[in-house]
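Asks: Pasting in a structure now, in structure tokens, and then I'll have a few things to ask.
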Amino acid sequence: MKIHRAENYQEMSRAAANMVLDQISKKNNSVLGLATGSTPIGMYEYLIELYNKGDIDFSETRTVNLDEYVGLSRDNPQSYNYFMHEKFFRHVNISKENIYIPDGADTDTEKVCKDYEKIIENIGGIDLQILGIGTDGHIGFNEPGEAFIPSTHVVTLAESTIISNKRFFDDKKDVPKKAITIGIKTIFQAKKIVLLASGSGKAAILQKALLWPITPGIPASILQLHSDCTIIGDEDALYLL
Ligand code: F6R
């Protein structure tokens, strides 16, 4: 596992965007595994900048998002689908048919999960997976538990996740209680993984995830075993490492 110490959020975001640039330059039809949340927003901004300068072309790129809230349709401003279009997709030349995000509004969640697994398999798996980390150690929405859940599944969000994510909603009670997330095996099978972390709020969990024994109680700890995983963090997030 490599640790890239960035001076601040901007540097973290730039380093992550450069890894995406490198990936797309080597293989223009790469499958990018993408994350939402606050952490990758700066990376998306740099990628848009690179695109506007003509340095990167997403016309062949496929994207697979990590997760989506159950019960939110794609046009709901709180959905991850909406987030991705607002923060990234609508600003670059990614083809609509190359964008994959679980459908949170489909009530047949079992089928959504199965189909999503199939899609990821059919497009050849993930070349570069971008991750954030929850303060409880979740990656995607794989919450701490008794076992690592391998494939796409419905998860009941941990109370700490609901509290963290209420900042995006008018009220805590509006935060969906369930989400669809790709599983740990699917994340782990990505050829390359980049985990981004920013701010002192992530320092303690990063220390546990990277230095403590691997356990499903800290889902991100599995990344210790990955053969090509880079942690890009700013000073505040990495100060305990
Ligand atoms: C988002 C996701 C989550 C977030 C994590 C950190 O698609 O899968 O694992 O990466 O909750 O969120 P932020 O970046 O908002 O601290």
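Quick note: the coordinates plus some simple rules give every number you see, no bench work behind them. The structure presented is a predicted model; accordingly, all values stated were derived computationally and were not measured. Here the Cβ positions follow ideal geometry from the backbone for every residue, glycine too, while neighbour counts run over all protein chains shown.
Asks: Evaluate the following for Gly137: is it on the phi > 0 side of the Ramachandran plot and either of a type outside the set (Phe, Trp, Tyr) or in contact with a strand residue (DSSP E or B) (Cβ under 7 Å, 6 or more places away or on another chain) (or both)?
Replies: yes
Asks: Go over the candidates Gly132, Gly124, Gly145 one by one and state the one that is within 30 Å of Lys53 (Cβ to Cβ) and more than 15 Å from the chain's Cα centre (by Cα).
Replies: Numbers: Gly132 fails: more than 15 Å from the chain's Cα centre (by Cα); Gly145 fails: within 30 Å of Lys53 (Cβ to Cβ).
Within the list Gly132, Gly124, Gly145, the selection yields Gly124.
Asks: Given the residues Asp234, Asp174, Asp170, Asp228, which is the only one that is away from the ligand (no atom under 12 Å from the Cβ) and buried (at least 18 other Cβ atoms within 10 Å of the Cβ)?
Replies: Working: Asp174 fails: buried (at least 18 other Cβ atoms within 10 Å of the Cβ); Asp170 fails: buried (at least 18 other Cβ atoms within 10 Å of the Cβ); Asp228 fails: buried (at least 18 other Cβ atoms within 10 Å of the Cβ).
Among Asp234, Asp174, Asp170, Asp228, only Asp234 is away from the ligand (no atom under 12 Å from the Cβ) and buried (at least 18 other Cβ atoms within 10 Å of the Cβ).
Asks: Filter the range 18-42 for residues that are aliphatic (A, V, I, L, M) and touching a Gly at 6+ places or on another chain (Cβ under 8 Å); which is farthest from the ligand (Cβ to nearest atom)?
Replies: If we take residues in the range 18-42 being aliphatic (A, V, I, L, M) and touching a Gly at 6+ places or on another chain (Cβ under 8 Å), then Val31 is farthest from the ligand (Cβ to nearest atom).
Asks: Can you tell me which residues in the range 65-100 are in contact with a helix residue (DSSP H, G or I) (Cβ under 6 Å, 6 or more places away or on another chain), within 13 Å of the ligand (Cβ to nearest atom) and of a type in the set (A, V, I, L, M, F, W, C)?
Replies: Phe88
Asks: Filter the range 117-162 for residues that are more than 11 Å from the ligand (Cβ to nearest atom), part of a helix (DSSP H, G or I) and either buried (at least 18 other Cβ atoms within 10 Å of the Cβ) or of a type outside the set (A, V, I, L, M) (or both) and give the result.
Replies: Glu117, Lys118, Ile120, Glu121, Asn122, Glu159
Asks: Does any residue of the range 7-19 turn out to be of a type in the set (S, T, N, Q), under 18 Å from the mean Cα position of the chain (by Cα), surrounded by 17 or more Cβ atoms within 10 Å (Cβ to Cβ) and in a loop (DSSP other than H, G, I, E, B)?
Replies: For the range 7-19, residues of a type in the set (S, T, N, Q), under 18 Å from the mean Cα position of the chain (by Cα), surrounded by 17 or more Cβ atoms within 10 Å (Cβ to Cβ) and in a loop (DSSP other than H, G, I, E, B): absent.
Asks: Can you name the residue in the range 184-210 that is within 12 Å of the ligand (Cβ to nearest atom) and assigned to a loop (DSSP other than H, G, I, E, B) and is also nearest to Ile231 (Cα to Cα) among such residues?
Replies: Going through the qualifying residues, I end up with Ser198.
Asks: Considering (1) part of a helix (DSSP H, G or I); (2) under 15 Å from the mean Cα position of the chain (by Cα); (3) under 30 Å from Ala105 (Cα atoms); (4) not β-branched (Val, Ile, Thr), say which one Leu223 fails and leave the rest.
Replies: Every condition holds for Leu223 apart from (3).
Asks: Please go through (1) farther than 22 Å from Tyr80 by Cα; (2) in contact (Cβ under 8 Å) with a residue 24 or more places away in the chain for Ser227 and return the number of the only condition it doesn't satisfy.
Replies: Exception for Ser227: condition (2).
Asks: Quick one: how many residues across the range 39-80 are in contact (Cβ under 8 Å) with a residue 60 or more places away in the chain and assigned to a loop (DSSP other than H, G, I, E, B)?
Replies: Result for the range 39-80: 7.
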